[in-house]
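Asks: The structure under discussion is supplied below as structure tokens; questions concerning it will follow.
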Amino acid sequence: MLSTFRTLFVGANARAEDRLRDVYAIELIDQKIRETEAQVQAAKGTLASLIQRRRSEQKLLDMLHTRSESLTERARAAIAAGRDEMANEAATAIAEMENETVVRQSTLDRLDTQATRLRASVEKGHRRVIDLKQGALQAKAIRREQTMQAGLNTTLKGVSSADEAQDLINKVVGKDDPLEQAEILADINAGLDHSNLEDRMADAGFGESTKVTARDVLDRLKD
């Protein structure tokens, strides 16, 4: 039982996390891009330090070569002059410099290897950031389109402003004409009290109409 509840709880948390990540996907994308940019920037700083250290090592190595060559020439001159004690001292110093040169050359080679690898990583990270930013722009455009589509779908499913306007128009246009209704009511009343009986019988051909028409007025004027 506890295992089942634990599984359901883990599943519910996973679904909630997925929904949360989906809602804040754009914000998360921007945050991850900032984190990636920070990592690339840190790598650039490390690369700059390696290059600076390599230059220092190269300067020291060049100085060793210069001193070694100078002492070598001086040692030869001391030997030629019979100054063996000075030649031996110079030879000892030259040997120490050559040993130091080996160590510094090894350090220089290691720094070159590290700098080359790190430079490749920085370039790869820089291209990755550019790709991520382009992808973020595309994702934002799609999200805006999705938001607009969702709003349109909601409008189409519910009662839109257009539907409300059309409903009001139908109510106004479809409302009964009060004047026509009054005329109908007058006719009904006239039929009930027989006040229009003569006119109705005249219309049926029984006698003359009691209504005065424009034709009657014209005939009277001519007489």
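The values are calculated or read from the model by the stated rules, or taken from the named source; none is laboratory data. Just so you know, these numbers come straight off a predicted model, no measurement behind them. Don't worry about glycine lacking a Cβ; one is built from the backbone with ideal geometry, like all the others, and counts go over all protein chains shown. What goes into the accessible areas is simple: the full protein's heavy atoms, side chains included, and nothing from ligands, DNA or RNA. Shrake-Rupley method; radii C 1.70, N 1.55, O 1.52, S 1.80 Å.
Asks: Exactly one of these conditions fails for G82: (1) small (G, A, S); (2) part of a helix (DSSP H, G or I); (3) over 45 Å from the mean Cα position of the chain (by Cα). Give me its number.
Replies: Of everything listed in (1) small (G, A, S); (2) part of a helix (DSSP H, G or I); (3) over 45 Å from the mean Cα position of the chain (by Cα), G82 misses just condition (2).
Asks: Next question. Restricted to the range 104-121, and to residues that are open to solvent by 60 Å² or more (accessible area, probe 1.4 Å) and free of Cβ contacts under 8 Å to residues at least 12 places away in the same chain, which residue is nearest to A38 (Cα to Cα)?
Replies: Step by step, filter the range 104-121, then rank; the result is R117.
Asks: Then there's this: Going residue by residue through the range 118-129, is there one that turns out to be assigned to a helix (DSSP H, G or I), among the small types (G, A, S) and over 30 Å from I29 (Cα atoms)?
Replies: No, because not a single residue in the range 118-129 is assigned to a helix (DSSP H, G or I), among the small types (G, A, S) and over 30 Å from I29 (Cα atoms).
Asks: Follow-up question, since we're still on this one. Looking at (1) open to solvent by 60 Å² or more (accessible area, probe 1.4 Å); (2) over 50 Å from the mean Cα position of the chain (by Cα); (3) not charged (D, E, K, R), which one does A90 not meet, given that it meets all the others?
Replies: Only one criterion is unmet by A90, namely (1).
Asks: Hey, D30 hits all of (1) among the acidic types (D, E); (2) at pLDDT 90 or above; (3) open to solvent by less than 60 Å² (accessible area, probe 1.4 Å) but one; which does it fall short on?
Replies: (2)
Asks: Any residue in the range 122-136 that is over 26 Å from L50 (Cβ atoms) sitting within a Cβ distance under 7 Å of a residue that is of a type outside the set (A, V, I, L, M, F, W, C) and surrounded by 12 or more Cβ atoms within 10 Å (Cβ to Cβ)? List the pairs, counting only those 6 or more apart or interchain.
Replies: Pairs found: A136/D30.
Asks: May I ask you to verify whether R67 is open to solvent by 60 Å² or more (accessible area, probe 1.4 Å) and modelled with pLDDT of 90 or more?
Replies: The answer is yes for R67.
Asks: Given the conditions (1) in contact (Cβ under 8 Å) with a residue 24 or more places away in the chain; (2) exposed (fewer than 15 other Cβ atoms within 10 Å of the Cβ); (3) not charged (D, E, K, R), which single one is not true for N99?
Replies: Status for N99: all satisfied but (1).
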